[in-house]
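Reviewing the structure listed below.
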Amino acid sequence: MKRSICLALIVASQFCSRPVSAQKNDIAARPPMGWNSWNHFKDKVNDAAVRAQAEAMVSSGMRGAGYIYVNIDDTWEGDRDANGNIQANSKFPDMKALADFVHSKGLKLGIYSSPGSKTCAKFEGSYGHELQDAKTYAAWGIDYLKYDLCGLRDQMKDAATPEAAHQIMVDAYIKMRDALRSTGRPIVYSLCQYGNDAVWEWGATVGGNLWRTTGDISDKYTSMAAIGFSQAGLARFAGPGHWNDPDMLEVGNGGMTEDEYKTHMSLWAILAAPLLAGNDLSTMTSQTLALLTNRDVIAVDQDSAGKQGDRVSAEGPIEVWSRPLADGSKAVGIFNRHQLPLAAHVDFHTMGYSHAVKAKDLWQGKDLGSIGPAYTVTIPAHGVVFLKVWP
């Protein structure tokens, strides 16, 4: 839906006095890292699968690499009791016990709901029960909430104007924000509404620690690339405590080549995106583990300056992206979006360097010495050369 200038002014005036961060500045100070059930398990997720993921996250070394959230997506919900309190369904016989188990592993547990009466999968949503649900989540020991717009769309369609529909959505996210805050428990608040109404402009003012900027990802290069490369221009809206979210990772689900998954990880790192693995951690290959836990790549994503990167140049299918890092260096991704290998010509003058730079190849873990300022490198099909450079 299109938003008018008038709407933008209304929203700005309504929320200008509200704090920007969702609850406290230290919540999601860096992009959240963890795992989400949907991409691999979808409606088959259950207590045993979640426990297996938590155990694998620890034993594989992923926790040591920074992955800490174990997030249950849609289909966990049961009916409400006589007092309106949400219950888990038979797949999750004791959510508090599950949270205690996850916490015992040094990890955190996330959950999912919708501001509508039903979720995307037509399970029980939080409409009219926001405070009750927030209190239940806190009592269970939940640390992260993904709040998915799906169920609210019917009410938005019935609104008299686009501005009124927008306000219904904004008010719904504020209501759950306030409910979460009232519990006193630090819960990461993830807005999932697919980038509607330029959410990056207002997501922080309604309490979001992160907000989806796109539709759902799938385990195909065309989907991943369309989503990732569309993020150009959004860097100024992200920062510590509030992040653009181009959706979860598909690494290890089998639909892309190793080079394509390297593009996926590299681009998400430059974007300061949340890194939420979406594969089965309990059965992943050593190759998948290496992709997910490359410490140099993760260090870019988790850089303490919290500055999202952006596109520097595009020449046909070759795109160069750069991200400034806290130590004064830059992460540089040289991407080939063509289906065949191509030579890429990079001019480091465009990134503020007047002379040759020192460089490290982050995927090879190899110091390259001095390169540039004019630099040519051959990039694999749908692949990337991911560098850290400094004067």
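The values are calculated or read from the model by the stated rules, or taken from the named source; none is laboratory data. What you are looking at is a predicted structure, and each value in this text was computed from that prediction instead of being measured. Neighbour counts are summed over all protein chains in view; Cβ atoms, including those assigned to glycine, are modelled from backbone coordinates with ideal geometry.
Observations on the model:
- Search result, residues across the range 276-289 that are in contact (Cβ under 8 Å) with a residue 12 or more places away in the chain and more than 22 Å from N336 (Cα to Cα): L276, A277, G278, N279, D280, L281, S282, M284, T285, L289
- Within the range 156-167, residues that are over 16 Å from P115 (Cβ atoms) and in the same structural domain as S114 (by TED's automatic domain parsing) sit with their Cβ atoms under 8 Å from residues that are of a type outside the set (S, T, Y) and in a loop (DSSP other than H, G, I, E, B), at 6+ positions apart or across chains, in these pairs: P162/M1; P162/K2; P162/R3; E163/R3.
- Members of the range 237-266 found to be among the charged types (D, E, K, R), without any contact (Cβ under 8 Å) to a residue 40 or more places away in the chain and over 16 Å from Y194 (Cα atoms), listed by number: E258
Here is a yes/no grid of residues against (1) in contact with a strand residue (DSSP E or B) (Cβ under 6 Å, 6 or more places away or on another chain); (2) part of a loop (DSSP other than H, G, I, E, B); (3) over 13 Å from K307 (Cα atoms); (4) assigned by TED's automatic domain parsing to the domain that holds D43:
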position	(1), (2), (3), (4)
M248	yes, yes, yes, yes
V251	no, yes, yes, yes
K262	yes, no, yes, yes
M265	no, no, yes, yes
L276	yes, no, yes, yes
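- Residues in the range 318-349 that are within 22 Å of the chain's Cα centre (by Cα) and either on the phi > 0 side of the Ramachandran plot or of a type in the set (S, T, N, Q) (or both): S322 only.
- Residues that are surrounded by fewer than 20 Cβ atoms within 10 Å (Cβ to Cβ), assigned to a loop (DSSP other than H, G, I, E, B) and not charged (D, E, K, R), drawn from the range 124-161: Y127, G128, H129, G141, A159, A160, T161
- A residue that is under 30 Å from F237 (Cβ atoms), exposed (fewer than 15 other Cβ atoms within 10 Å of the Cβ) and among the β-branched types (V, I, T) occurs somewhere in the range 342-351.
- The listed residue being assigned by TED's automatic domain parsing to the domain that holds C150 and out of contact with any Gly (no Cβ under 7 Å at 6 or more places or on another chain), out of W200, W211: W200
- The one condition in (1) surrounded by 21 or more Cβ atoms within 10 Å (Cβ to Cβ); (2) more than 19 Å from the chain's Cα centre (by Cα); (3) among the hydrophobic types (A, V, I, L, M, F, W, C) that M57 fails to fulfil: (2)
- Among the conditions (1) surrounded by fewer than 19 Cβ atoms within 10 Å (Cβ to Cβ); (2) among the hydrophobic types (A, V, I, L, M, F, W, C); (3) under 24 Å from W243 (Cβ atoms); (4) assigned by TED's automatic domain parsing to the domain that holds G34, the only one that V297 does not satisfy is (1).
- Contact map, the range 290-313: residues that are within 17 Å of G278 (Cβ to Cβ) paired with residues that are basic (K, R) and part of a helix (DSSP H, G or I), Cβ distance under 7 Å, separation 6+ or inter-chain. Pairs shown: L291/K262.
- All positions within the range 48-94 that are touching a helix residue (DSSP H, G or I) at 6+ places or on another chain (Cβ under 7 Å) and not in a loop (DSSP other than H, G, I, E, B): A49, V50, R51, A54, M57, M62, R63, A65, V70, I86, A88
- Residue match in the range 202-214 (condition: surrounded by 24 or more Cβ atoms within 10 Å (Cβ to Cβ), without any contact (Cβ under 8 Å) to a residue 40 or more places away in the chain, assigned to a strand (DSSP E or B) and in contact with a His (Cβ under 9 Å, 6 or more places away or on another chain)): yes
- Checked against the criterion of being among the β-branched types (V, I, T) and over 19 Å from the mean Cα position of the chain (by Cα), the candidates T183, T222, T213 yield just one match: T183.
- Selection status of A326, of a type outside the set (S, T, N, Q) and free of Cβ contacts under 8 Å to residues at least 60 places away in the same chain: yes
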